[in-house]
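Single-structure report; data block below.
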Amino acid sequence: MSQQLQPNWFVRSTRANAILAWLLVGLLAVTVVGSVLQNLFAQAAIAGVAVAVAVVPALVDRSWTHAMPWPLVFLASLPQALGLFGLDFVADVLVGVGLATLALLGVVALQMTTTLRMTPSFAVVFVTIATLAVTGLWAVGSAASASVFGTAFVDSNDQLMTVFTAAALGGAGTGLAFRRTFRRRLGRDQTDAAETAVADAGGEFA
């Protein structure tokens with residue numbers, strides 16, 4: 001059995017999941033528009049990426065009921081719900097969790113639309129690095145917006161380092177949780193494949 005992540009592992013086809021996922025996508029789309037109107041372009045870009053990766057299963061499978069699990073879409077929306085960074089350390093860690101989840105959904109979207117395949121361990125590293133990369137994008141974009149438009153930004157380098165530390169903790173913790181999930185899923189898949197092979201062999205000799 002291959003140790004690669006399967007491209008459609010996280011896709012669900014139930015109507016209830018699809019309705020909740022599309023509702024969250026709609027809220028994220030509204031957030032994109034609202035962020036642009038407030039000159040918060042970094043936030044708008046992150047919300048836009050969340051919308052893009054969330055709709056990939058429906059576009060690929062050409063069915064509105066094929067959607068990412070709504071709890072993952074909800075976690076990916078946490079950065080927007082919490083106003084990204086700058087509230088307190090716990091909230092910043094939760095934002096890191098949301099960004100890590102967004103990175104995971106990005107992995108799923110890439111695997112569904114390209115020939116890219118990742119192992120669980122590499123996916124964890126990718127999720128953690130992507131979390132820090134998006135945090136860096138937010139920092140640069142927010143600093144530029146504060147300079148040009150006078151929007152809010154952190155008050156000191158110490159606060160900025162706290163943001164990066166919180167994002168790193170959230171990203172790494174979430175990545176490790178995903179790795180455990182991946183390993184358990186791979187184990188179940190291997191067990192199911194072995195049981196199917198045994199059943200098929202038994203049928204041939206029956």
With a 1.4 Å probe and all protein chains left in place, how much of the accessible area of the stretch 24-149 comes from carbon and sulfur atoms, in whole percent? 75 percent
Once you place label points 7 Å from the Cα toward the Cβ at I19 and N39, how far apart are they in nm? 4.2 nm
Using θ = phi - 60° and the Karplus curve 6.51 cos²θ - 1.76 cosθ + 1.60, what whole-Hz ³J(HN,Hα) does each residue of the stretch 140-150 get, with Gly and Pro shown as x? 5, x, 5, 5, 5, 5, 5, 6, 8, 9, x
Taking only protein heavy atoms and a 1.4 Å probe, what accessible area per residue, in Å², does the stretch 108-188 have with all protein chains in place? 53 Å²
At R0 = 30 Å the Cβ-Cβ FRET efficiency linking W64 and Q159, nearest 0.05, sits at 0.10
So F149 and T115, fully extended at 0.36 nm per residue minus their Cα-Cα distance, gain in nm 8.1 nm
Under 10 °C and 1.306 mPa s, how fast does the stretch 6-120 diffuse according to Stokes-Einstein, given a Kirkwood radius computed over C-alpha pairs? Answer in µm²/s, whole number. 111 µm²/s
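The values are calculated or read from the model by the stated rules, or taken from the named source; none is laboratory data. Given the structure is predicted, the values throughout are model-derived calculations rather than measurements. Note that we place each Cβ from the backbone using ideal geometry, even for glycine, and neighbour counts take in every protein chain shown. The accessibility values were calculated without ligands, DNA or RNA, using every heavy atom of the protein model including side chains. Shrake-Rupley method; radii C 1.70, N 1.55, O 1.52, S 1.80 Å.
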